[in-house]
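Just so you know, all these numbers are worked out from the coordinates, no wet-lab data involved. Computed from a predicted structure; not experimentally measured. FYI the Cβ positions are ideal-geometry reconstructions off the backbone, even for glycines, and counts take in every protein chain you see.
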Amino acid sequence: MKAELSQVKRINYLWFLLIGLTLFSAFMAEQPTTGFKSVVIMALVLAVKGRIIVDHFMELKHSHKIVRTLMQVYFYVIPALIILIYLFPDQIAKWTTL
Amino acid sequence: MNTIVHSEYGREIKFHHRSDRVPGNMAIWAAILAEMSEFAIMFIVYFLAKVHHPDIFQEGPARLNTLAGTANTVIMLTSSFFVVRAVFSMRNNNPETSSRWLWGAVVCGVLYLIIKYFEYQWNSAQGLATETNIFYGVYYYVTFNHFLHVGWGSAAIVWVIYRINTGNYTKDEHEGLINMALYWHMIDLAWITIFPLMYVIR
């Protein structure tokens with residue numbers, strides 16, 4: 001019974017955290033420009049939100065390694081791409097021009 | 001790794017091998033990984049279009065309705081939370097409560113669709129359409145695709161509610177509920193990625 005209560009408490013807390021991070025993102029969206037610092041923050045926010053859903057909502061934290069890794073890697077790669085695209089747009093445009 | 005650890009979830013599972021357990025069945029994981037790959041391709045298209053048209057992608061998010069995007073993010077996350085609580089209730093042998101949580105998720109899904117409909121109408125009034133420029137082309141392609149997922153995902157939740165109410169799931173056997181929950185979380189994951197790309201990052 002105690003374990004059930006603590007798992008409910010944890011999920012409630014994580015939901016509040018996700019909503020807080022979303023509202024913070026909305027605040028960032030209202031800023032006139034996006035600098036490097038805010039791009040990194042947004043990428044980190046996405047990584048944290050993704051990880052919470054994968055680990056706790058989908059319950060993959062202690063699951064099969066391959067499934068867990070595939071899902072977790074997604075939320076390392078996309079945030080990393082967000083930062084790389086911001087840092088090296090010309091170079092990436094050059095590499096991807098036919 | 002075969003270390004025995006305490007499970008955080010589901011009181012019926014007291015111990016498990018860390019590397020063995022996979023929630024849901026193989027079919028749902030094939031579907032989820034296929035869908036995640038589909039969205040990944042769309043995100044790569046977004047990144048490529050962005051580096052080739054930086055000015056258009058800098059202006060694009062500023063003209064979208066941030067309030068609608070934020071509201072839908074809150075709604076999607078809340079619906080996922082409701083689905084988790086539905087799974088917990090079923091594990092606690094409380095199908096009626098589980099069903100109620102799922103109705104909450106359905107309401108969220110419908111609200112999402114209504115807000116997205118009005119957001120598209122609002123865009124249209126601002127003169128924003130698929131042919132306006134490449135940013136809005138990508139935005140409409142990705143968000144409409146997601147819109148469809150929310151639509152059929154909501155229908156799947158209603159089906160699971162029917163299965164619960166007709167006594168098809170028990171505390172020990174409710175794989176259909178778990179599969180639907182995983183699929184719905186995947187739809188949520190796609191949206192939390194779409195939100196910063198389309199509405200936040202310039």
| In whole Hz, what ³J(HN,Hα) sequence does the range A:70-86 give by Karplus (6.51, -1.76, 1.60; θ = phi - 60°), x for Gly and Pro? | 4, 6, 5, 4, 3, 8, 9, 5, 4, x, 4, 5, 4, 6, 4, 5, 6
| request: Between A:GLU30 and B:THR130, with labels modelled 7 Å along Cα→Cβ, what's the label distance in nm to one decimal, could you check? | output: 3.3 nm
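Give me the net charge for the shell around B:THR78: Cβ to Cβ below 13 angstrom, other residues only, Lys and Arg +1, Asp and Glu -1.
Summing Lys and Arg as +1 and Asp and Glu as -1 gives 0.
Any idea what % of Cα-Cα pairs in the range B:89-185 are farther than 23 Å? Mind showing how you got there, number by number?
On the way: 1835 of 4656 pairs.
The share of Cα pairs beyond 23 Å in the range B:89-185 comes to 39 percent.
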| request: Would you order A:THR22, B:THR78, A:THR96, B:THR73 from fewest to most other beta-carbon atoms within 10 Å of each residue's own beta-carbon? | output: A:THR96, B:THR78, A:THR22, B:THR73
| query | Could you give the distance between the Cα centres of the range B:109-135 and the range B:143-202, to the whole Å? | reply | 22 Å
| Could you work out the helix-only [θ] at 222 nm for the protein assembly as shown, with each DSSP H run of four or more residues adding -39,500 (n - 2.57) and the total divided by the number of residues, to the nearest 500 deg cm²/dmol? | -26000 deg cm²/dmol
| message | Of the candidates B:HIS149, B:HIS185, B:HIS53, which one comes out as most mobile in a Gaussian network treatment of chain B with C-alpha springs shorter than 10 Å? | response | B:HIS53
| query | Relative to the present Cα-Cα distance, how much length would full extension add between B:TRP159 and B:SER37 at 0.36 nm per residue of separation? | reply | 41.3 nm
| What is the mean number of Cβ atoms from other protein chains located within 10 Å of the Cβ atom of each residue in peptide B:25-31, rounded to a whole number? | 1
| request: Classify the protein assembly as shown as rounded, prolate or oblate, taking a ≥ b ≥ c as the square roots of the eigenvalues of its Cα gyration tensor: rounded when a/c is under 1.5, otherwise prolate if a/b is larger than b/c and oblate if not. | output: prolate
| task | For the range B:68-164, build the charge dipole from Cβ charges (+1 Lys, Arg; -1 Asp, Glu) around the Cα centre, then report which of B:THR97, B:TYR162, B:PHE82 sits farthest towards its positive end. | result | B:THR97
| field | Given charges at beta-carbon only (K, R positive; D, E negative), |dipole| of the protein assembly as shown in Debye | value | 740 debye
| note | Taking a crude spin-label model, label points 7 Å out from Cα along the C-beta direction, the B:ALA62 to A:TRP95 distance in nm is 2.9 nm
| Taking N as the number of residues in the range B:23-200, what value does Rg over Cα atoms divided by 2.2 N^0.38 Å take? | 1.13
| message | Taking each pair of distinct Cα atoms in chain A once, what is the resulting Kirkwood hydrodynamic radius in Å? | response | 15.6 Å
| note | On the formula 1/(1 + (r/R0)^6), with r taken between the Cβ atoms of A:VAL77 and B:TYR117 and R0 of 22 Å, the FRET efficiency rounded to 0.05 is 0.10
